[in-house]
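J.: Below is a structure I'd like to ask you about.
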Amino acid sequence: MIAAALTTDSFLERLPVLARDTVTGRLPESWRWMAGSLLEIIAILAGFGLLFAYLTLAERKILGRIQNRPGPNRTGWFGLLQPFADGVKALTKEDVVPAGADRVLHFLAPVVLVAVSLLGFAVLPFGRHLVAVELDTAVLYFFAAGTATELAVFMAGWASHNKYSLLAAMRALAQLISYELPLLLSVVPVVLVAGTLSTTKIVAAQGGWSLGFVPHWHVFTPWGAAGFVLFMVAALAESNRSPFDLPEAESELIAGHLTEYSGFKYALFFMAEYFGMCALSGMAVTLFLGGWGAPLAQLEWIPSYAWFTAKLLVLLLGFIWIRATLPRLRLDQLMKFAWKFLVPLTLLNLANAAGWSLTAGWTGPLQLVRWAVALALVAVPFVVLGRTLSAGSAPRTYRFA
Amino acid sequence: MLGSGILQGLLVTAKNFVGSFHDPARYTTLEYPEVKPALPEAYRNFPFLVCDNATDPLGTLRCVACQICEKECPPQCIYIEKSRDKKPDATGKPQIYPAVFAIDTSVCMSCQICVEVCPFDAIKMDQVFEVATTDRYAALLLDRGQLTKPNTYFHTIHPTEAAEVDARLAADRQAAEEKARVAALAKAKAPAAPQAPAAPVAKRDQTPESAP
């Protein structure tokens, strides 16, 4: 990629690029571009496929521990072969298609869902030299591609010819479209401040340290911290994770749009859910947590992709932790939360970020004023909105229980 | 403030997560086939027959085939055939013994009534819960040989009850011997007296309320 930078970097930092160039170097010049892209696709598929496999295991182990039980520990050492056993099981199960189902759409829905949820990985900078496609409008592309998952979910619900699937698909559409708005609005401040839609440039904008140890990550600014939290909440809803897992609410809708799916198609839906979760977490890392940047200058000898992976894993563990903690919301609570709470807060956050970037030149005591105003713009609306929205609904008194 | 409940909840789950690694009070799972549970002493499932001598289980059965348990069993899972001859029991007295004693554990409801009614402390409740078989008919019908277990085993599973039974049996035996001695003395003193009944019937007399 960048030949000048490559020579100054450490061997580990260059390793993935070197490996790719060694393979493509054996091919004729005109094929190299194609072979390189294919290798990148294979690397992403293999890496995130494996991450998906072990994320399911980690999730089951962590949920187990949180519920005071061991979790899967029989298949292999500490249950490490469990994902593969699950895969074999899913592959060998009977694939049932309902008689009334639209066979083509029923088959296509999981395929489209996985394909679409993989698209986002193309623009994530996994390391200093590791980005599959360098787009000027990467952020826009990422969210445009991610939005197509809604189509696949509704496809599944509609094609199943099942009332639960259809109801769940409608819920899913309502939820995903509602949370698309806060998700995008919480990203806009980053684009505003960084002045670019390119993910690599957004990461580059977060490089460097103030006072020698505070990284210039967006999450360490008032609007960035708020944006990060809002983004993660919306990402939870976008990836259908608890407490926003209404589309597949087991207790209400059997398994939602997954009701009529079995075998590997069912596994594909889960794969897509985890891919979506990984992609959104990767985006959060890129936008708010400094991407592949090291937290301290002294730690830069650790390769950039290791930092990206570490940050990604922390966010994913956060997803699992939240899943183990919170009960599912009701549909009206979900909508109320999105439209009355998240959207106003993200809009205010946008204004906050605009003010932040306008006051970038302030120094000395003005700097303190800048921080105080920005913090107040985050905290006051949060408290006021929270009080007004939860007024009358809490604490709940149980008169007949 | 909004969200404080979520933070409290996260703290609770985090405590559980960490606690499950070092606090046995939080992590209560026993990994069953490797780690066996410590059963409470009062736990029971199916009956077994007590014998006094582990080296000769069928020869020292306490059961005298009185068939009270067979008649009292609510689901009628016990089947007994009396022997035609008599064999000496643990105390050396000739007794009828069960030629066939079978319990259908697929029918047994673990009510313990057979144990309550047995005048000889010959049938007790077992604690073996690993009773799965691949054959649901023959393998669940336990015969005399499978049902018989020594008194020492009874002591290991129900120590309190076994100690009480042993003490009672020993007292009965002693009382019977005392009675026989007195009767023998009386017989020696009054040679003209009519013949005394055989002395050691005390075991049967001791539990009159449960005999039908």
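J.: Show me the strands (runs of 3 or more DSSP E) entirely contained within the stretch B:27-121 in which 2 or more residues are farther than 17 Å from B:Gln146 by Cβ.
T.: B:78-88, B:94-104
J.: Among the residues of the stretch A:344-379, how many are farther than 21 Å from A:Val188 by Cα and either touching a residue at least 40 places away in the same chain (Cβ under 8 Å) or hydrophobic (A, V, I, L, M, F, W, C) (or both)?
T.: Qualifying residue count for the region: 5.
J.: A further question follows. Going residue by residue through the stretch A:73-81, is there one that turns out to be in contact with a Gly (Cβ under 7 Å, 6 or more places away or on another chain), over 30 Å from A:His257 (Cβ atoms) and modelled with pLDDT under 85?
T.: No, the stretch A:73-81 has no match at all.
J.: If you don't mind, another one. Looking at the stretch A:79-93, is at least one residue surrounded by 19 or more Cβ atoms within 10 Å (Cβ to Cβ) and more than 14 Å from every other protein chain (Cβ to nearest Cβ)?
T.: Scanning the stretch A:79-93, I find at least one residue that is surrounded by 19 or more Cβ atoms within 10 Å (Cβ to Cβ) and more than 14 Å from every other protein chain (Cβ to nearest Cβ), so the answer is yes.
J.: Just the residues that are among the hydrophobic types (A, V, I, L, M, F, W, C) and outside any helix (DSSP H, G or I), please, taken from the stretch A:300-319.
T.: A:Trp301, A:Ile302
J.: For B:Val100, which of the numbered conditions (1) away from every other protein chain (no Cβ under 14 Å); (2) within 30 Å of A:Leu389 (Cα to Cα) fails to hold?
T.: (2)
J.: Looking at the stretch B:51-74, can you tell me whether even one residue there is open to solvent by 90 Å² or more (accessible area, probe 1.4 Å), more than 9 Å from chain A (Cβ to nearest Cβ) and either more than 30 Å from A:Phe319 (Cβ to Cβ) or among the β-branched types (Val, Ile, Thr) (or both)?
T.: yes
J.: Looking at A:Gln67, A:Gln82, which one is among the polar types (S, T, N, Q) and within 22 Å of A:Gly318 (Cβ to Cβ)?
T.: A:Gln67
J.: Among the residues that make up the stretch A:98-114, is at least one of them over 29 Å from A:Lys311 (Cβ atoms) and touching a Pro at 6+ places or on another chain (Cβ under 9 Å)?
T.: Among the residues of the stretch A:98-114, at least one is over 29 Å from A:Lys311 (Cβ atoms) and touching a Pro at 6+ places or on another chain (Cβ under 9 Å), which makes the answer yes.
J.: When the residues of the stretch B:12-41 are filtered to those that are open to solvent by 100 Å² or more (accessible area, probe 1.4 Å) and closer than 18 Å to A:Leu317 by Cβ, which remaining residue is modelled with the highest pLDDT?
T.: B:Lys15
J.: In the stretch B:1-30, how many residues are more than 7 Å from chain A (Cβ to nearest Cβ) and in contact with a Pro (Cβ under 8 Å, 6 or more places away or on another chain)?
T.: 1
J.: Checking A:Leu316 against (1) of a type in the set (A, V, I, L, M, F, W, C); (2) within 30 Å of A:Gly71 (Cβ to Cβ); (3) within 11 Å of chain B (Cβ to nearest Cβ): exactly one of these is not met. Which one?
T.: Condition (3) is where A:Leu316 drops out.
J.: Follow-up. Looking for whichever is within 14 Å of chain B (Cβ to nearest Cβ) and either among the polar types (S, T, N, Q) or under 30 Å from A:Ser304 (Cβ atoms) (or both) here; the options are A:Glu59, A:Glu134. Which one fits?
T.: A:Glu59
J.: Exactly one of these conditions fails for A:His129: (1) within 14 Å of chain B (Cβ to nearest Cβ); (2) within 30 Å of A:Leu12 (Cβ to Cβ); (3) crowded, with 17+ Cβ neighbours inside 10 Å. Give me its number.
T.: Among (1) within 14 Å of chain B (Cβ to nearest Cβ); (2) within 30 Å of A:Leu12 (Cβ to Cβ); (3) crowded, with 17+ Cβ neighbours inside 10 Å, the lone unmet condition for A:His129 is (1).
The values are calculated or read from the model by the stated rules, or taken from the named source; none is laboratory data. These numbers were taken from a predicted model, which means no experiment stands behind them. Here Cβ is always computed from backbone atoms with ideal geometry, including for glycine, and neighbour counts include all displayed protein chains. These area figures cover heavy atoms from the full protein model, side chains too; ligands, DNA and RNA do not enter into them. Shrake-Rupley method; radii C 1.70, N 1.55, O 1.52, S 1.80 Å.
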